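Asker: Dumping the structure here so I can ask a few things about it.
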Amino acid sequence: MSYTYDDQNIFAKILRGEIPNTTVLETEHSLAFRDLYPQAPTHVLVIPKGPYVCFDHFAQTASDAEIVDYIRAVGEVCKQEGVAEDGWRLISNAGHDGVQEVPHLHVHILAGRVLGRMLAKG
Ligand code: AMP
């Protein structure tokens, strides 16, 4: 699978500073910010700064430095948000069947309440 990155997506605009965000953490290669429509008391999105469509694209083509930075950024957000004790969920939607709305890799960090089973039926 080859991926084409659309640089007009919302997260690309956030990275260029064209629209605002509530930043939680910024590192050399990654940015974490609060989801505009939170689905849990803690709902943070973590994105790489590079032009990657989804996790698969990132894993195949990002540099080791970007990948390490990104994974560590997820861990650092969890630490900052204090979610480790009660638990949390990491989700990354990809493509049509994954119902990915924004075509720039992001993981959702969700926490702050019991989140229920992972998937609703249907
Ligand atoms: P996904 O369905 O995994 O692509 O999720 C995209 C997420 O981006 C949704 O949870 C939206 O609420 C969130 N979102 C959309 N626009 C913004 C924005 N400008 N700032 C922060 N989060 C956003």
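The values are calculated or read from the model by the stated rules, or taken from the named source; none is laboratory data. What you see is a predicted model; the values in this text were computed from it and never measured. As a convention, Cβ positions derive from the backbone with ideal geometry for all residues, glycine included, and neighbour counts pool all protein chains shown. Just the protein is used for accessible areas: all its heavy atoms, side chains included, with ligands, DNA and RNA removed. Shrake-Rupley method; radii C 1.70, N 1.55, O 1.52, S 1.80 Å.
Asker: Output the number of residues of the stretch 27-40 satisfying the condition of being more than 8 Å from the ligand (Cβ to nearest atom) and surrounded by fewer than 13 Cβ atoms within 10 Å (Cβ to Cβ).
Answerer: Counting residues in the stretch 27-40 that are more than 8 Å from the ligand (Cβ to nearest atom) and surrounded by fewer than 13 Cβ atoms within 10 Å (Cβ to Cβ) gives 1.
Asker: Determine, yes or no, whether I91 is closer than 18 Å to I10 by Cβ and in contact with a helix residue (DSSP H, G or I) (Cβ under 6 Å, 6 or more places away or on another chain).
Answerer: no
Asker: Condition (residue is within 16 Å of the ligand (Cβ to nearest atom), over 13 Å from the mean Cα position of the chain (by Cα) and of a type outside the set (F, W, Y)) applied to the stretch 57-71: is it met by at least one residue?
Answerer: Yes, the stretch 57-71 contains at least one residue that is within 16 Å of the ligand (Cβ to nearest atom), over 13 Å from the mean Cα position of the chain (by Cα) and of a type outside the set (F, W, Y).
Asker: Output the number of residues of the stretch 36-80 satisfying the condition of being acidic (D, E) and within 16 Å of P103 (Cβ to Cβ).
Answerer: 1
Asker: Could I ask something else about it? Could you check A12 against (1) without any contact (Cβ under 8 Å) to a residue 60 or more places away in the chain; (2) farther than 13 Å from V107 by Cα; (3) small (G, A, S) and say which number it fails?
Answerer: Of the numbered conditions (1) without any contact (Cβ under 8 Å) to a residue 60 or more places away in the chain; (2) farther than 13 Å from V107 by Cα; (3) small (G, A, S), the odd one out for A12 is (1).
Asker: Continuing with this model, one more query. Can you tell me which residue is nearest to the chain's Cα centre (by Cα) among those in the stretch 15-26 that are within 11 Å of the ligand (Cβ to nearest atom) and over 17 Å from V74 (Cα atoms)?
Answerer: Out of the qualifying residues, it is N21.
Asker: Answer yes if at least one residue in the stretch 93-109 is surrounded by fewer than 16 Cβ atoms within 10 Å (Cβ to Cβ) and in contact with a strand residue (DSSP E or B) (Cβ under 7 Å, 6 or more places away or on another chain), and no otherwise.
Answerer: no
Asker: Additional query: Taking interchain pairs and intrachain pairs at least six residues apart, which have beta carbon atoms under 9 angstrom, with the first residue in the stretch 60-79 and within 14 Å of K49 (Cβ to Cβ) and without any contact (Cβ under 8 Å) to a residue 40 or more places away in the chain and the second open to solvent by 40 Å² or more (accessible area, probe 1.4 Å) and assigned to a helix (DSSP H, G or I)?
Answerer: What qualifies is I67/A59.
Asker: Every residue in the stretch 37-69 that is touching a helix residue (DSSP H, G or I) at 6+ places or on another chain (Cβ under 8 Å) and of a type in the set (F, W, Y), please.
Answerer: Y52, F58
Asker: I want to confirm something. Restricting to the stretch 74-92 and keeping residues that are within 16 Å of the ligand (Cβ to nearest atom) and of a type in the set (A, V, I, L, M, F, W, C), which single residue is most open to solvent (accessible area, probe 1.4 Å)?
Answerer: So the residue we want is W88.
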